[in-house]
Amino acid sequence: MPDVLTIVQAAGEMALMTPDVWFDVVFREHYPRVVALVARLTGDRGQAEEIAADVFCKVSQRGAMGLDRNDPAPWIYRVATNAGLDALRSNARRRKREETAGAESLRTHRADDALDGVLRQERCARVREVLGGLKRRDAQLLLLRAEGLAYRALAEALDLNPASVGTLLARAEAEFERQYRARYGDDV
């Protein structure tokens with residue numbers, strides 16, 4: 001079954017909607033994906049929901065004036081990835097302060113589950129740390145591509161030439177791998 005946004009766009013009525021109806025359609029279509037994207041980036045679903053709420057607050061403020069009413073997705077995902085990367089960097093600074101203060105603790109589970117969980121958390125933390133060290137555009141490219149956006153959508157979201165997305169994505173992947181290996185060696 002097609003989603004609400006597809007039906008409305010097919011009818012060519014996005015630009016004709018009242019601002020409230022337009023916002024409702026955009027929110028229902030994009031909120032779950034924005035939360036999933038930011039949660040994957042930050043590793044914290046609660047924080048991702050807060051960031052997504054802030055993003056859609058900005059959408060509601062700009063909706064009638066500053067966004068393309070027919071396709072607000074590029075702006076939404078750009079703002080969401082920027083906010084997620086800012087949160088990631090802020091979390092990294094906070095985590096360093098906590099570690100310095102000795103505020104790290106482990107949860108107790110069965111030995112195997114605890115080890116698997118710790119290793120998974122460590123891998124995710126490493127990926128987040130490397131993403132936080134990349135250029136903003138490179139991190140956004142990798143995140144949005146991992147979210148499943150096609151090259152054309154990546155180009156629109158990041159205001160890039162569609163013909164250069166493949167090259168930029170390959171460079172971002174290579175830079176991610178280079179930085180990961182420089183920090184952690186071949187230990188995946």
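Structural remarks
- Residue-wise HN-Hα coupling along segment 152-164, computed from phi with Karplus coefficients 6.51, -1.76, 1.60 (Hz; x: Gly, Pro): 4, 5, 4, 4, 5, 5, 10, 6, 10, 6, x, 6, 9
- Centre-to-centre separation between the Cα atoms of segment 21-50 and those of segment 120-166: 17 Å.
- The length gained by stretching the chain between A125 and R137 to full extension, at 0.36 nm per residue less their Cα-Cα distance, is 2.3 nm.
- Rounded, prolate or oblate (a/c below 1.5 giving rounded, otherwise prolate when a/b exceeds b/c) for segment 146-188 by Cα gyration tensor: prolate
- For the peptides 29-37, 137-145, the ranking by packing is 137-145, 29-37, with the highest mean count of neighbouring Cβ atoms within 10 Å listed first.
- Computed from the C-beta positions of V21 and D54 and an R0 of 22 Å, the FRET efficiency is 0.50 to the nearest 0.05.
- Peptides 118-126, 154-162 ranked from most to least packed, by the mean per-residue count of other Cβ atoms within 10 Å: 154-162, 118-126.
Read the figures in this text as sums done on the coordinates, not as results from a lab. Just so we're clear, the structure is a prediction, and the values are computed from it rather than from any experiment. We place every Cβ from the backbone using ideal geometry, glycine too, and count neighbours over all the protein chains shown.
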